[in-house]
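The values are calculated or read from the model by the stated rules, or taken from the named source; none is laboratory data. Computed from a prediction, not measured in an experiment: that's the story for all the values here. We place every Cβ from the backbone using ideal geometry, glycine too, and count neighbours over all the protein chains shown. Keep in mind that these areas ignore ligands, DNA and RNA; they rest on the heavy atoms of the full protein, side chains included. Shrake-Rupley method; radii C 1.70, N 1.55, O 1.52, S 1.80 Å.
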Amino acid sequence: MYTIKDVSKQLKVSVGNLKTWENVFADFFQVNRTKSGSRIYGETEITIIKKIKLMKDKNLSDEMVKFILETNDQCENREVPEEIQTEYDLKYADIVALQTETVQAVKSISNSIDQFKGEFINEVKEKLTNEVKKEITKGNSITEGLVQTYSNEVLDTYKKTSGQITRLKREIEREQEEKLFLQKKVEEREELFQEFVQSYRQSAAAIEERNEKRKLSYWLNLITKTAKPKM
């Protein structure tokens, strides 16, 4: 048995989150308490909390976490064909992985652009300031010419860099189109996944209904045979 501090340290989840999850996901696990009111966790509770943490780390909503936990419980309580369970796991893993990859790629591109622009502007400012200071210190008559020459160089450099930025912008736009395409595929996979879960639930319900009818028929036949008078 573990205390709430033990679980917090072991799973790297704050005590506040553990208490919140205890209320939000009360349908899936309950925490026992000692006579003094301290929380006590068993292996079953820790296993469920690990699943919740894994999904919350992927930024899934509470409702989606509940849906997956409920679906998982139903699968564990029924004999699910191995090929169906495998397909379920693969589709979910693909959706999460692709979504995470897309978000990280977009963030990486945005950060690279901001960093490039900042470094270029700072570099130009620093070079121009240093050259002007040097020429002012010398105090000779060629300062103006040198500043003008350096300004022209800066202008040329800016034009070249502007071309590079334009090409980079086009590449980014192309990357964004690809990301939108991937996002669309993610949504399509998620829709297929929801249809699969719905279909599975309906099939499971139909099978359960047939089993109940068979049981009812069996008992009715048994009762009928028992009720017949012996000759």
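Taking the range 148-177 as the search range and keeping residues that are modelled with pLDDT under 75 and of a type outside the set (Ser, Thr, Tyr), which one is least open to solvent (accessible area, probe 1.4 Å)? Break it down stepwise before answering.
So in the range 148-177, the residues modelled with pLDDT under 75 come out as 148-151, 154-155, 158.
Among the residues that remain, those that are also of a type outside the set (Ser, Thr, Tyr) are: 148, 154-155.
Numbers: GLN148: 104, VAL154: 36, LEU155: 82 Å².
So the residue we want is VAL154.
What pairs come up if the first residue lies in the range 102-128 and is in a helix (DSSP H, G or I), the second is at pLDDT below 65, and their beta carbons are under 9 Å apart, counting only those six or more places apart or on different chains?
LYS127/TYR150; LEU128/VAL147; LEU128/TYR150
Would you mind stating whether THR44 is under 30 Å from ARG174 (Cα atoms), among the β-branched types (Val, Ile, Thr), out of contact with any helix residue (DSSP H, G or I) (no Cβ under 7 Å at 6 or more places or on another chain) and modelled with pLDDT under 95?
no
With assigned to a helix (DSSP H, G or I) and under 18 Å from LEU60 (Cα atoms) as the only criterion, which of ARG189, ARG210, ARG167, ARG174 stands out?
Step by step, each of ARG189, ARG210, ARG167, ARG174 is checked, and only ARG189 is assigned to a helix (DSSP H, G or I) and under 18 Å from LEU60 (Cα atoms).
Among the residues of the range 1-23, what is the count of those that are part of a helix (DSSP H, G or I) and either touching a residue at least 40 places away in the same chain (Cβ under 8 Å) or among the polar types (S, T, N, Q) (or both)?
Adding up the residues that qualify gives 7.
Report yes if some residue within the range 62-70 is modelled with pLDDT under 90 and either of a type in the set (D, E, K, R) or open to solvent by 50 Å² or more (accessible area, probe 1.4 Å) (or both); otherwise report no.
The answer is yes, given that some residue of the range 62-70 is modelled with pLDDT under 90 and either of a type in the set (D, E, K, R) or open to solvent by 50 Å² or more (accessible area, probe 1.4 Å) (or both).
If I go through the range 21-42 residue by residue, how many of them are open to solvent by 70 Å² or more (accessible area, probe 1.4 Å) and within 22 Å of PHE67 (Cα to Cα)? Give the steps one after another, and end with the answer.
Taking the range 21-42 and keeping what is open to solvent by 70 Å² or more (accessible area, probe 1.4 Å), we get 23, 27, 30, 32-33, 35-36.
Add one more test, that the residue is within 22 Å of PHE67 (Cα to Cα), and what stays is 23, 27, 30.
Total satisfying the criteria: 3.
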